[in-house]
């Protein structure tokens, strides 16, 4: 009887086991995947310190390695390009600084430098690059994907909750089907 029951529900059992494994494995993988973001954030902080210490080449190397990593958030990319432009200006690399500002403005079109904090040279360069860019009459509306610009692992609680809900539904279906089996008269199988 148990053999026939397991045979009948083998696919459901596999789904339950898969969901349970998924629910336990995913939260352990999320911190590993989030490390990329933390590593890049740490590199930007280190690059900023190198910039203030006058170690421009070290800062450039850190920022470029951060930008080459996968899974870097839009905010971190923007911060890296902003600092990269400032570092290039510190080295008097005008063209590279302009390129970094173009990339920054592509990421954050409404970006504005802080005249109280930023150098007049940097503020003027941002305005120069902004003036060179083609003006759009109307800013495009953010798509749903852009509005939810979070990495999938930042929403793990939703995934785990959905997994638990699926397991609950599967268990409920199994329990209901067992009750229905008990109501039916026993079937006699010939030997």
Seminar exercise, completed: A careful count of residues in region 81-125 that are loosely packed, with under 13 Cβ neighbours inside 10 Å, touching a helix residue (DSSP H, G or I) at 6+ places or on another chain (Cβ under 6 Å) and under 17 Å from residue 51 (Cβ atoms) gives 0
Exercise. Residues in region 134-142: is at least one at pLDDT below 65 and under 24 Å from residue 67 (Cα atoms)?
Worked result: yes
Problem set entry | Lone unmet requirement of (1) at pLDDT 55 or above; (2) surrounded by 14 or more Cβ atoms within 10 Å (Cβ to Cβ) for residue 153 | (1)
For this session: Answer with yes or no whether residue 75 is under 17 Å from residue 44 (Cβ atoms) and surrounded by fewer than 17 Cβ atoms within 10 Å (Cβ to Cβ).
Result: yes
Problem set entry | For residue 101: the one exception among (1) at pLDDT below 75; (2) under 17 Å from residue 77 (Cα atoms) | (1)
For this session: Output the number of the condition that residue 71 fails; it satisfies all remaining conditions of (1) modelled with pLDDT of 90 or more; (2) touching a helix residue (DSSP H, G or I) at 6+ places or on another chain (Cβ under 8 Å).
Result: (1)
Exercise. Does residue 164 fit the bill of being surrounded by 15 or more Cβ atoms within 10 Å (Cβ to Cβ), modelled with pLDDT under 80, farther than 30 Å from residue 49 by Cβ and within 28 Å of the chain's Cα centre (by Cα)?
Worked result: no
Exercise. Just wondering, is there one or more residues in region 109-131 that are part of a helix (DSSP H, G or I) and either modelled with pLDDT under 90 or under 20 Å from residue 40 (Cα atoms) (or both)?
Worked result: no
Problem set entry | Residues of region 107-125 satisfying the condition of being under 29 Å from the mean Cα position of the chain (by Cα) and farther than 13 Å from residue 80 by Cα | 109, 110, 111, 112, 113, 114
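The values are calculated or read from the model by the stated rules, or taken from the named source; none is laboratory data. In this text the structure is predicted, and so the values were computed from the model without any measurement. Note: ideal-geometry Cβ built from the backbone for every residue, glycine included; neighbour counts use all protein chains shown.
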